[in-house]
Amino acid sequence: MSDWSQAKAREVIERQITLNSISLAPDAERCEGMIQMAYALGLLTDQELQDLTDRLTETVATRRKQLRAEQNAALLGLAVTNG
């Protein structure tokens, strides 16, 4: 595969990881599929596969934690205001 194809695949995957970091509904499934497809096509090395998968997993977990914290803070704020 060409350097351009490899760079483009990585760019698209990186963009999906970034979008998950700001999403109101972070979901790793679509990006995992993109990573697996790029790997199957030979556009990613074994190490890149592992690195991107790890980053995606961490990004989604972190974002979900942030969203839970925001939701909890909002609920506590409502409880304090009404209490």
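Just so it is clear, none of the values below were taken in a lab; they were calculated from the coordinates. Since the structure is predicted, the reported quantities are computational estimates derived from the model, not experimental observations. Neighbour counts are summed over all protein chains in view; Cβ atoms, including those assigned to glycine, are modelled from backbone coordinates with ideal geometry.
The angle separating the long axis of helix 46-82 from the principal Cα axis of greatest extent in the chain is about 10 degrees. Calculated [222 nm] ellipticity per residue, helices only, for the chain: -29000 deg cm²/dmol; basis is -39500 (n - 2.57) per DSSP H run with n ≥ 4, divided by all residues, nearest 500.
Note on residue 58 and residue 7: with the Förster distance fixed at 25 Å, the Cβ-Cβ geometry gives a FRET efficiency of about 0.65. Out of every Cα-Cα pair that the chain contains, those further apart than 23 angstrom amount to 35 percent.
Counting pairs of alpha carbon atoms under 8 Å apart in space and at least six apart in sequence, what relative contact order in percent does the chain give? All intermediate terms of the calculation are to be shown ahead of the outcome.
Numbers: 48 pairs, mean separation 28.3, N = 83.
Over the chain, the number comes to 34 percent.
Taking the charge dipole of segment 3-82 about its Cα centre, with +1 at Lys and Arg Cβ atoms and -1 at Asp and Glu Cβ atoms, the residue from 52, 19, 75 reaching farthest to the positive side is 75. Simple point charges give the picture: +1 on the Cβ of Lys and Arg, -1 on the Cβ of Asp and Glu, and for the chain a dipole about the Cα centre of about 380 debye.
Modelled spin labels at residue 14 and residue 76, positioned 7 Å past Cα toward Cβ, are 3.7 nm from each other.
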